[in-house]
Amino acid sequence: MAILITGGTGYIGSHTSVEFLNAGYEVIIVDNLSNSKVEVLDKIKQITGKEVKFYEADLLDRVAVEQIFSENQIEAVIHFAGLKAVGESVTIPLRYYHNNITGTLILCEVMSKYNCKKMVFSSSATVYGMHNAVPFVENMPLSATNPYGSTKLMIENILNDLYVSDNEWSISLLRYFNPIGAHISGLIGEAPNGIPNNLLPYVAGVATGKLEKLKVYGDDYDTVDGTGVRDYIHVEDLAAGHLCAYSYVMQHTGVEAVNLGTGKGYSVLQVVKAFEKASGKTVRYEISPRRAGDIASCYASTEKAERLFGWQATRDLDKMCEDSWRFTSKVNS
Ligand code: NAD
Ligand code: UFG
């Protein structure tokens, strides 16, 4: 039996593939390479010494998805494939709705047909919206403020409805906080195309000299130093969380939303400082106006992940920055 990892050549998917391979599972990756490179497969092999079966296919292509299920015995799906840029989702919403939602619908229909009813889904802390108080707890009211967030919220609802219609399903909705860092080997990490939107890749770009200076979006929030606070989580801790979620769905039925975060928040300026320490470089920055749609603070309650999965993040911010820097330095050398 194999585990199918959709979006497995992407940032989080590649680290999770490594985690499953190292734990002895047979892994199959499907990805359309719209936001990742095929070379990632060689890196996964270098790290693990193991082969991964790869299908270059789009989840929107039902025939291709059926082929994967007909050619393999798949016991569970770890579903990462999706478009994820918040700003872009405002510009091209239909593409986001179609790719993320239709892709998931086709995947679920094919899974049902092949009697594979175990799924771990990549949701996001963005579903907590703008009005909850931190720490975010899984049973808080949910809302979305942009098309990307709406796709996550809608997919959570779809998967809940799917379970109501068929109680054999077992689904874990993992709400990630802010994944950063890279594999300790420096071989895989986050390498966004073009100018990065997210804090860490931007900071790394400034440290290498590729970008001139960071714009810090707002210093008048009600936080430790006025800059935005987020729950940064090492991507390797996140990958480990998927293995725990997989074990859980294999032993239970039902739908559970679970936060994957550290429970600790760091401000933009604290991240800049930690990155300077890890890299030995100066990260130039200037204070800019707030970015539309940002909230002051976002961090997780980690109680449910600990209780259900026995999982806890173990790597601290310094380690996240060290590993990010190792990967960035390798890519740029
Ligand atoms: P990523 O873009 O690196 O990986 C996603 C992968 O999915 C890419 O390799 C892309 O080529 C592939 N893909 C997209 N649409 C596809 C389709 N229709 N068919 C086949 N493959 C397709 O992103 P990531 O950071 O690894 O995120 C993985 C998942 O986690 C996404 O669903 C994302 O929304 C979610 N998430 C990410 C973050 C984050 O900050 N990185 C936070 C919360 C949730
Ligand atoms: N920030 C800057 N300058 C930048 C980029 C970011 O000051 O150039 C600040 C932001 O204002 C925020 C913090 O750094 O305070 C983190 O911003 P990111 O863009 O890295 O991350 P977000 O918390 O805005 O969003 C991320 C993902 C979303 C996901 C959300 C919740 O990008 O997909 O976390 O999980 F929905």
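Structure notes:
- Screening the candidates Ala257, Ala278 for the property of being more than 16 Å from ligand 1 (Cβ to nearest atom), under 19 Å from Ala313 (Cβ atoms) and not in a loop (DSSP other than H, G, I, E, B) yields one hit, Ala278.
- For the residues Asn115, Asn157, the requirement of being over 21 Å from the mean Cα position of the chain (by Cα) and farther than 18 Å from Gly10 by Cβ singles out Asn115.
- Residue in the range 153-164 that is aromatic (Phe, Trp, Tyr), more than 15 Å from ligand 2 (Cβ to nearest atom) and within 28 Å of Ile101 (Cβ to Cβ) present: yes
- Looking only at the range 149-191, and only at residues there that are in contact (Cβ under 8 Å) with a residue 60 or more places away in the chain and acidic (Asp, Glu), the one that is surrounded by the fewest Cβ atoms within 10 Å (Cβ to Cβ): Glu168
- Residues of the range 132-143 that turn out to be within 14 Å of Leu153 (Cβ to Cβ) and either assigned to a loop (DSSP other than H, G, I, E, B) or modelled with pLDDT under 95 (or both), as a count: 5
- Inside the range 17-37, residues that are more than 18 Å from Leu59 (Cβ to Cβ) and among the aliphatic types (A, V, I, L, M) make up a count of 3.
- Filter result (without any contact (Cβ under 8 Å) to a residue 40 or more places away in the chain and either in a loop (DSSP other than H, G, I, E, B) or touching a Lys or Arg at 6+ places or on another chain (Cβ under 9 Å) (or both)) within the range 284-311: Ala292
- Unique match (being farther than 19 Å from Gly10 by Cα, buried (at least 16 other Cβ atoms within 10 Å of the Cβ) and more than 9 Å from ligand 1 (Cβ to nearest atom)) among Val127, Val63: Val127
- Among the strands (runs of 3 or more DSSP E) confined to the range 168-244, the ones with at least 1 residues that are under 16 Å from Gly13 (Cα atoms), aromatic (Phe, Trp, Tyr) and within 16 Å of ligand 1 (Cβ to nearest atom) are located at 170-176.
- Filter result for the condition that a residue is under 30 Å from Arg95 (Cα atoms), surrounded by fewer than 16 Cβ atoms within 10 Å (Cβ to Cβ) and not charged (D, E, K, R), over Val38, Val52: Val38
- Out of Asn72, Asn99, sole residue that is under 19 Å from the mean Cα position of the chain (by Cα) and either over 30 Å from Gly186 (Cβ atoms) or hydrophobic (A, V, I, L, M, F, W, C) (or both): Asn99
- Only one entry of Tyr148, Tyr176 meets the criterion of being in contact with a strand residue (DSSP E or B) (Cβ under 7 Å, 6 or more places away or on another chain), within 12 Å of ligand 2 (Cβ to nearest atom) and not aliphatic (A, V, I, L, M), and that entry is Tyr176.
- Of all residues making up the range 144-167, the number that are of a type in the set (S, T, N, Q) and within 15 Å of ligand 1 (Cβ to nearest atom): 4
- Failed item in (1) more than 18 Å from Gly181 (Cβ to Cβ); (2) modelled with pLDDT under 95; (3) more than 16 Å from ligand 1 (Cβ to nearest atom), with Asp294 passing the rest: (3)
- Test: residue in the range 239-259 that is at pLDDT 95 or above, within 9 Å of ligand 2 (Cβ to nearest atom) and crowded, with 20+ Cβ neighbours inside 10 Å: no
- Val206 vs. criteria surrounded by fewer than 18 Cβ atoms within 10 Å (Cβ to Cβ), farther than 23 Å from Asn139 by Cα and more than 19 Å from the chain's Cα centre (by Cα): no
- Within the set Glu190, Glu138, the sole residue that is under 29 Å from Ile47 (Cβ atoms), within 15 Å of ligand 2 (Cβ to nearest atom) and acidic (Asp, Glu) turns out to be Glu190.
- Within the range 12-56, the set of residues being in a helix (DSSP H, G or I), farther than 15 Å from Ala240 by Cα and either under 17 Å from the mean Cα position of the chain (by Cα) or aliphatic (A, V, I, L, M) (or both) comprises Val40, Leu41, Ile44, Ile47.
The values are calculated or read from the model by the stated rules, or taken from the named source; none is laboratory data. Just so it is clear, the model here is predicted, and its values are computed rather than measured. No Cβ is skipped: glycine too gets one built from the backbone with ideal geometry, and neighbour counts run over all protein chains shown.
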